[in-house]
Amino acid sequence: MIGGRRLFGRGRERRRFDEGPGPGRGGSRLELPELPDGESARIVGVEGGREAAGRLESMGIIVGSTILKKSSALNGGPIVVESGGTNLAIGRGMASKVLVERLGS
């Protein structure tokens with residue numbers, strides 16, 4: 001990571017959409033798959049390019065909103081979260097781009 005941005009091959013950049021310190025930088029933030037089932041969290045960032053961030057935003061995964069992690073498959077399947085009264089199943093790869101902070105921490 002260089003200056004808050006990750007670089008890809010072929011000169012493409014991967015931007016990080018978040019606020020403040022993230023994992024490994026002094027915050028208590030974790031990726032969505034690491035959040036225990038049944039816990040609520042605030043979304044503090046989305047790691048990835050515009051397409052990934054746009055897709056998550058269209059599903060209601062928006063920085064600053066609160067979600068409830070309902071369940072996750074043990075062997076790499078989708079993660080089910082509730083956001084704005086709607087249940088969403090998000091693939092583990094996409095879910096790992098969502099950075100959350102436990103509520104009450």
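The values are calculated or read from the model by the stated rules, or taken from the named source; none is laboratory data. Nothing here was measured: the structure is a model prediction, and the numbers come from that model. Note that we place each Cβ from the backbone using ideal geometry, even for glycine, and neighbour counts take in every protein chain shown.
Listed values, structure above:
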{"quantity": "Qualifying residue in the range 11-24 (condition: at pLDDT 90 or above and either part of a helix (DSSP H, G or I) or surrounded by 15 or more Cβ atoms within 10 Å (Cβ to Cβ) (or both))", "calculated": "no"}
{"quantity": "Residue, nearest to G38 (Cα to Cα), within the range 79-102, restricted to residues that are part of a loop (DSSP other than H, G, I, E, B) and touching an Asp or Glu at 6+ places or on another chain (Cβ under 8 Å)", "calculated": "S96"}
{"quantity": "Residues within the range 57-78 that are crowded, with 18+ Cβ neighbours inside 10 Å, out of contact with any Gly (no Cβ under 8 Å at 6 or more places or on another chain) and not in a loop (DSSP other than H, G, I, E, B), tallied", "calculated": "2"}
{"quantity": "Close pairs (8 angstrom Cβ cut-off, 6 or more residues apart or separate chains): of a type in the set (S, T, Y) in the range 21-50, assigned to a loop (DSSP other than H, G, I, E, B) and at pLDDT below 95 anywhere", "calculated": "S28/S105; S40/L103"}
{"quantity": "Residue in the range 61-68 that is in contact (Cβ under 8 Å) with a residue 60 or more places away in the chain, within 16 Å of L30 (Cβ to Cβ) and in contact with a strand residue (DSSP E or B) (Cβ under 8 Å, 6 or more places away or on another chain) present", "calculated": "no"}
